[in-house]
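Peer 1: Take a look at the following structure, please.
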Amino acid sequence: MAKIQSFILPIMDYQSVINRIHQEVLPLLKQGKVADYIPALARISPEKFGMAVCTVRGDFFTCGDAQERFSIQSISKVFTLAKVMESMGDTLWERVGREASGNKFNSLVQLEYENGRPRNPFINAGAMVVTDCIVLENPNPLNCLVDFVRDCANNPLLEYDLEVAASEKATGHRNAALAHFLKSYGNLANEVEKVLDVYYHQCALAMSCTDLARAFLFLAYGGIDPINGKLVCGPRQAKRINALMQTCGLYDEGGEFAYRVGLPGKSGVGGGIVAVMPGELAIAVWSPGLNDAGNSLAGTMALELFTTYTAKSIF
Ligand code: DON
């Protein structure tokens, strides 16, 4: 009997764990490079660091700048995908694939030799196809999207950062090229300008680590919000979204992230990363300095330390 009891893990003291991680990653904060291809992001201090854990029981643990809002950028692609997956059904997958791209998130070449069908819904071209579906389905896609994210995060105050959206629009020649390319292959139903406008706004959603950890909780609980019991997308779609995050959520660094962190996750060039431990928790981290793959350098390390110290990993 005594032997069996020794295998029961103690209740995890997440607060101590993330406080310790915060101290340990401080030396890394200056090593990454803040994204500057979107001018409004270039002025964010690389010294920022925040972390938030939200458990399926509704307990929150936070440290550092966890309450400060930042630009979620590509993390938004999980929300748009969750929004359209059920309604589009399998027709979505005729227009976008489900494989890792092995290329940069804004690569043009792959889109050409694969005839305008993006590899997955998280690279920029794939996300534009998903956004096109939202525009098709909704007369006011921006309201629909922000309402969905506010519901997931249980925060009615969330907004688009209009300055960031305008800044990316003014300099987004590569995204415009991708969108025109998609259109030339017949893979955008709406006008390029309209799709890009929604896409830039979704990327410019401003959320904190606390908002993000709360908003991703449905993916740790079979598509249901465990705190209020609302159905967000159902267990089948949640399983699929987690699988896509695992394989494609960190772009060309998916293998490395799986090896080091061992959780499905999604990054953004604003320096945020969200990860999900099914059945247990969602965790968000923010550190604006990026590595060469465009993912948060200290953020990845923080998540690696978290899964190491807590032994919470899907592997
Ligand atoms: O379209 C872009 O380039 C940005 N709005 C989003 C890219 C991004 O966040 C990639 N993530 N690591």
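The values are calculated or read from the model by the stated rules, or taken from the named source; none is laboratory data. Note that this is a predicted model, so its numbers are computed, not measured. FYI the Cβ positions are ideal-geometry reconstructions off the backbone, even for glycines, and counts take in every protein chain you see. We work out accessible area using only protein heavy atoms, side chains counted, and drop any ligands, DNA or RNA first. Shrake-Rupley method; radii C 1.70, N 1.55, O 1.52, S 1.80 Å.
Peer 1: Within the range 48-68, can you find the residues that are touching a helix residue (DSSP H, G or I) at 6+ places or on another chain (Cβ under 9 Å), open to solvent by 40 Å² or more (accessible area, probe 1.4 Å) and more than 23 Å from residue 24 (Cα to Cα)? Steps first, please.
Peer 2: Going residue by residue through the range 48-68, those that are touching a helix residue (DSSP H, G or I) at 6+ places or on another chain (Cβ under 9 Å) are 49-56, 58-68.
Next cut, open to solvent by 40 Å² or more (accessible area, probe 1.4 Å) only: 59-62, 64-65, 67-68.
Passing the criteria: only 59.
Peer 1: Restricting attention to the range 107-131, report how many residues are within 20 Å of residue 268 (Cβ to Cβ) and either modelled with pLDDT of 95 or more or out of contact with any helix residue (DSSP H, G or I) (no Cβ under 9 Å at 6 or more places or on another chain) (or both). Lay out the reasoning, then the answer.
Peer 2: Initial filter on the range 107-131 (within 20 Å of residue 268 (Cβ to Cβ)): 107, 118-131.
With either modelled with pLDDT of 95 or more or out of contact with any helix residue (DSSP H, G or I) (no Cβ under 9 Å at 6 or more places or on another chain) (or both) added as a condition, the list becomes 118-131.
Result for the range 107-131: 14.
Peer 1: Could you list, in sequence order, all residues of the range 266-283 that are closer than 17 Å to residue 74 by Cβ and either surrounded by fewer than 24 Cβ atoms within 10 Å (Cβ to Cβ) or within 11 Å of the ligand (Cβ to nearest atom) (or both)?
Peer 2: Scanning the range 266-283 gives 266, 267, 268, 269, 270, 271, 272, 273.
Peer 1: Follow-up question, since we're still on this one. What number of residues within the range 45-104 satisfy the criterion of being under 29 Å from residue 12 (Cβ atoms), in a loop (DSSP other than H, G, I, E, B) and of a type in the set (S, T, N, Q)?
Peer 2: 1
Peer 1: Working only within the range 284-299, note down all residues that are more than 11 Å from the ligand (Cβ to nearest atom) and either among the basic types (Lys, Arg) or in contact (Cβ under 8 Å) with a residue 40 or more places away in the chain (or both).
Peer 2: Quick first cut of the range 284-299, residues more than 11 Å from the ligand (Cβ to nearest atom) only: 284-289, 292, 297-298.
Residues satisfying the conditions are 284, 285, 286, 287, 288, 289, 297, 298.
Peer 1: Condition first: assigned to a loop (DSSP other than H, G, I, E, B), touching a residue at least 24 places away in the same chain (Cβ under 8 Å) and closer than 29 Å to residue 216 by Cα. Can you find one or more residues in the range 145-153 that meet it?
Peer 2: Filtering the range 145-153 down to residues assigned to a loop (DSSP other than H, G, I, E, B) leaves none.
No; the residues of the range 145-153 include none that is assigned to a loop (DSSP other than H, G, I, E, B), touching a residue at least 24 places away in the same chain (Cβ under 8 Å) and closer than 29 Å to residue 216 by Cα.
Peer 1: Further question on the same structure: So, in the range 105-128, of the ones that are open to solvent by 50 Å² or more (accessible area, probe 1.4 Å) and hydrophobic (A, V, I, L, M, F, W, C), which residue ends up farthest from residue 76 (Cα to Cα)?
Peer 2: 109
Peer 1: Pick from 109, 84: which is over 14 Å from residue 200 (Cα atoms), within 17 Å of the chain's Cα centre (by Cα) and not acidic (Asp, Glu)? Spell out how you get there, then give the answer.
Peer 2: Details: 109 fails: within 17 Å of the chain's Cα centre (by Cα).
Answer to the selection: 84.
Peer 1: For the range 219-233, which positions are farther than 15 Å from residue 60 by Cβ and open to solvent by less than 10 Å² (accessible area, probe 1.4 Å)?
Peer 2: Residues satisfying the conditions are 219, 223.
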